Amino acid sequence: MAGKRKSRRSFGRVRKLPSGRFQARYPGPDGVLRAADRTFATSTDADRWLARKRIEIEEGRWLDPAEGQTTVRDWSARWLIAVSPQLKHKTQASYRSLINSLIVPSLGDRELSSLRPITIAEWVGAMKTRGLSSSRIRQAYRVLSQIMRAAVDNDMIAQTPCRGVRLPRMPQTEPHILTPLEASRIVRSAAKPHDLLIALLAYGGLRIGEAFALRRADIDVSGGLVLVDENLAEANGALVFDTPKSHQKRALRIGPSLAKRLGRHLETLAGGEEALLFVTPAGKPLRYNQWRKAYFDPAVAAAGLTDVTPHDLRASHGTWVADRYGVMTAAHRLGHSNASVTTRHYARPVAGRDDQVAEAADSWLSGHDHERGARSGHDDDGDGSAGVPISV
């Protein structure tokens, strides 16, 4: 009787090791013979593994194991170089700081393929134990998530380990929404010309960096327009001029009184069209912390108010405009490409509106179209809050 003929393996090779276990090797798409990442108890197990690997290659899902052996340190550096040209200077500095201070010290020597969700969860937990703020932890996690997603997109790992990880919750902080008249008190209490800067925050909705970056050429006094096309930010202690956040340049209408006051201020400025509207006594660009301590906080105190930040003026402006003219108008004035950002972070319900809705609803029930209180305006404070936005 003839003996059982041994089938010939059509893909890969299997050999028995001195330990008694079996090693599987297979040719990758490049023809290089590679060993499996583990050994097997039987040759049948090794054959099954080779069959699955062959399907991966045929379906285009195969990943070169050598790519996954790249360390987090090396890949993070390469990724940052690749994305930096598309980032603002401040964002570049923030990413670099997070990578160098939080990601590389803990994970830098790990191979990409060795990371698992539990690894990332332990890293997040360690940062929390060290007392890092929820904001800082979430920022670091977002950067690592981008780095790992790029590794997936470049066929270095099959899936990102940044999935299903519980992050610390951010404390819920509501902006201090002022009335237009409260904002006017701050403006009237501020030293000149910083009263104009504060008025632009409250009645133009500018970001503080946008106001710091305004130049003579950005002001059209006769047309009552302010062109917002630049932002001044600090990155690692250095001042950097860049485009506004999300690159949303915009032209804003301002009220006639504010336009006239800006016009008078322009007459006192030295320099040409590129001269900054607001500078230090030494003629240097403003820095946020120094400006707030020297000019903004004293104006708030003199106005009889507390717990007000420059950002609160922007949030207040968004609330006033959304209440009177709608969220889309507010989004444009604030420079948001998506109105959901406006409603989530800026526009807030105005006190008393629910009572007005109830009154109107009662008139509707009786068959009358009562519009009292709907989209009602605010008192004119003379600081230029009136006006509508136009597109750039």
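The values are calculated or read from the model by the stated rules, or taken from the named source; none is laboratory data. In this text, all values refer to a predicted model and were calculated from it rather than measured experimentally. All Cβ positions, glycine included, derive from the backbone under ideal geometry; neighbour counts span all protein chains shown. With ligands, DNA and RNA removed, areas are computed over all heavy atoms of the protein, side chains included. Shrake-Rupley method; radii C 1.70, N 1.55, O 1.52, S 1.80 Å.
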Please compute P(r) over all alpha-carbon pairs of the range 190-268, binned at 10 Å starting from zero, and give each bin as a whole-number percent. 18, 53, 25, 3
Tell me, how many Å apart are the Cα centres for the range 127-172 and for the range 88-111? 12
Other residues with Cβ under 12 Å from the Cβ of R142 give, with Lys and Arg +1 and Asp and Glu -1, a net charge of +3
Longer than 32 Å from Cα to Cα, which of K90/K128; K249/K293; K128/K249; K90/K260 are they? Say none if no pair is. K128/K249; K90/K260
Excluding H332 itself, calculate the net charge of residues whose Cβ lies under 13 Å from the Cβ of H332, where each Lys or Arg counts +1 and each Asp or Glu counts -1. +4
Just the accessible area for H176, please: 1.4 Å probe, Å², rounded to the nearest 10? 60
Cα gyration tensor of the range 47-163 diagonalised, 5x eigenvalues square-rooted, in angstrom largest first, produces semi-axes 29, 17, 11
Can you give the relative contact order of the range 190-310 as a percent, counting alpha carbon pairs under 8 Å and 6+ residues apart? 30
What is the sum of charges around L98, taking Lys and Arg as +1, Asp and Glu as -1, for the other residues whose C-beta is under 11 Å from the C-beta of L98? +4
